[in-house]
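Accompanying notes for the structure given below.
The values are calculated or read from the model by the stated rules, or taken from the named source; none is laboratory data. Since the structure is predicted, the reported quantities are computational estimates derived from the model, not experimental observations. Ideal geometry is used to build each Cβ from the backbone, glycine not excepted, and the neighbour counts take in all protein chains shown.
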Amino acid sequence: MGRIIFREDNMIARLLKPEESWRWNQVMAAAFEWDFDLEKARAEAAREKTEEELREQARNRCFGALSDDGKILYGCVNSREYTCRFDGGAYKLGGIGGVSTLPPYRHNGAIRASLSASLRDMYENGFTFSYLFPFSTRYYRKFGYEAAAEAREWTLQLSALSPKDVGGTIEQIFPGGDFSPLLEIHKACFADCNMSVVRDRYDADLEKANLMNEQRYIYVWRNNVGVPRGLMITHKKETPEGTILDCSHNFGAGNGNDFLFCDMEALSALLFFAKSAFSSDYDKIRFMTRREADLSVLIGDNNESTCRMFWNGMLRVVNVRRVLENCNCRGTGCVRIAVEDTILPENCGTWKLTFAPGQVNFVEKTEEQPDVSLTINAFSALICGARDVHSLAWIPDAVVHNAAAPFAGVFYAKPCFMLDLF
């Protein structure tokens, strides 16, 4: 049946077996009002899988909350294994998706049981982080997640742009073409970015998509020595504000478009191409960037270009000790951090972090007075660089006991972003 990880009242939560996939697909279909063919789903669950399919299957672990007799699957949570970057290292991350409950059983704790079981499983299997895209930020804060990956969505009037022609070449990639330049650009753009996923392909679904029927188009810019440094994946979007060359990529957008540039030269090249090739048919271009890219200096004299800030998902630290042992610190010092985690008690307590240049972080539990007390939510955002030392004064649940502690050596802004949508 599978090991029971969580039990409450007449409910159990456990890892669902691959051959039970039809059950969780049925719950998701009912919850999200998707099409569903029960017989087809049963046959797919029972079908013998190829080696590649088995590897993909192993990356997905679905936890369900069931009636005590196992007959009713109330709700479920899927966790997909990724490798993410953090302060120069690579770590296991659980990407949470498919959070769903059958309508008659909502508000009875099914998701709390399933998600708690999933986080317990992550901790026991060497995961360091978890990430999700929430329907409600407030709801997922109850499970230790915090808003992260600050994103900016730029909508720029093409007529107001005056990008520099930096040379290089633009190539268009059609279905069946070589997608490897996209992966090369992705690796270069996110090499130093916390929470970014380490990919072995740019996007397997993109390679299989019927892009022409979807009216999506891929462009790659190579610099003057032939190195790919920028990409655009576009789609036409008609809006009351005009025709938009839409390159936006976020969970709410519901598409896999993109706009990536490795440096200012690549950004100039992409905008120059967009204006020269599309300005007669499009009014604006829309794309997303990380918070570090401030493009306000590129906007000309007009009132129609806009920038919308939003949080592209929520992160959570799964293993506090591992994160503290491997985080990059600045200068020399010692900080005592009290962490409260209502789901993973191993993370609770006061952690003493001692750091110095060229030295491995020394981390131990202590009974000493903490310098700061944090929920796992606040700790996660601070240690990953989505917040910094200045945020301590504005985090409701953060309590500073020793203002003289060298917090700036541990909690400072870092590139932190999740591009993958799961």
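Name the strands (runs of 3 or more DSSP E) wholly inside segment 301-407 in which the number of residues that are modelled with pLDDT under 95 is 3 or more. Spell out how you get there, then give the answer.
Numbers: elements: 306-311, 314-317, 333-340, 349-355, 362-366, 372-375.
Output list reads 306-311.
Just to be sure before I move on: is A58 assigned to a helix (DSSP H, G or I) and in contact (Cβ under 8 Å) with a residue 60 or more places away in the chain in the structure I sent?
Numbers: assigned to a helix (DSSP H, G or I): yes; in contact (Cβ under 8 Å) with a residue 60 or more places away in the chain: no.
No: the conditions fail for A58.
Tell me, please, whether a residue that is farther than 14 Å from I12 by Cα and part of a loop (DSSP other than H, G, I, E, B) can be found in segment 78-85. Quick ask: steps written out before the conclusion?
Restricting attention to segment 78-85, the residues satisfying the condition of being farther than 14 Å from I12 by Cα are 78-85.
This time we only want the ones that are part of a loop (DSSP other than H, G, I, E, B), so: none.
No, because not a single residue in segment 78-85 is farther than 14 Å from I12 by Cα and part of a loop (DSSP other than H, G, I, E, B).
Anything in segment 154-187 that is within 30 Å of Y412 (Cα to Cα), hydrophobic (A, V, I, L, M, F, W, C) and either touching a strand residue (DSSP E or B) at 6+ places or on another chain (Cβ under 7 Å) or buried (at least 18 other Cβ atoms within 10 Å of the Cβ) (or both)? List them, or say none. Reasoning before the result, please.
To start, the set of residues in segment 154-187 that are within 30 Å of Y412 (Cα to Cα) comprises 154-155, 183-187.
In the following step, the residues that additionally are hydrophobic (A, V, I, L, M, F, W, C) were identified as 154, 183, 185.
Answer for segment 154-187, where residues must be within 30 Å of Y412 (Cα to Cα), hydrophobic (A, V, I, L, M, F, W, C) and either touching a strand residue (DSSP E or B) at 6+ places or on another chain (Cβ under 7 Å) or buried (at least 18 other Cβ atoms within 10 Å of the Cβ) (or both): W154, I185.
Results for (1) under 21 Å from G89 (Cβ atoms); (2) in contact with an Asp or Glu (Cβ under 6 Å, 6 or more places away or on another chain); (3) outside the structural domain of G97 (by TED's automatic domain parsing); (4) acidic (D, E), shown as yes or no for each residue.
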site: C329; (1), (2), (3), (4): yes, no, yes, no
site: I343; (1), (2), (3), (4): no, no, yes, no
site: E346; (1), (2), (3), (4): yes, no, yes, yes
site: W351; (1), (2), (3), (4): yes, no, yes, no
site: T354; (1), (2), (3), (4): yes, no, yes, no
site: P357; (1), (2), (3), (4): yes, no, yes, no
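Among the candidates E48, E39, E44, single out the residue that is among the charged types (D, E, K, R) and either at positive phi or part of a loop (DSSP other than H, G, I, E, B) (or both). Lay out the reasoning, then the answer.
On the way: E39 fails: either at positive phi or part of a loop (DSSP other than H, G, I, E, B) (or both); E44 fails: either at positive phi or part of a loop (DSSP other than H, G, I, E, B) (or both).
Checking each option against the conditions leaves just E48.
Select, from A65, A90, the only residue that is modelled with pLDDT of 95 or more, assigned to a strand (DSSP E or B), surrounded by fewer than 17 Cβ atoms within 10 Å (Cβ to Cβ) and of a type in the set (G, A, S). Even if it seems obvious, please write down each step before you answer.
On the way: A65 fails: surrounded by fewer than 17 Cβ atoms within 10 Å (Cβ to Cβ).
Within the list A65, A90, the selection yields A90.
Checking the structure you have, find out if any residue of segment 239-252 is without any contact (Cβ under 8 Å) to a residue 60 or more places away in the chain and assigned to a loop (DSSP other than H, G, I, E, B).
Checked against the condition, which is being without any contact (Cβ under 8 Å) to a residue 60 or more places away in the chain and assigned to a loop (DSSP other than H, G, I, E, B), segment 239-252 yields at least one hit.
If you take the residues in segment 171-229 that are under 25 Å from E150 (Cβ atoms) and part of a strand (DSSP E or B), which one is farthest from the chain's Cα centre (by Cα)?
So, considering only residues that are under 25 Å from E150 (Cβ atoms) and part of a strand (DSSP E or B), the one farthest from the chain's Cα centre (by Cα) is R229.
Counting only residues that are touching a helix residue (DSSP H, G or I) at 6+ places or on another chain (Cβ under 7 Å) and polar (S, T, N, Q), how many does segment 313-361 have?
The total comes to 3.
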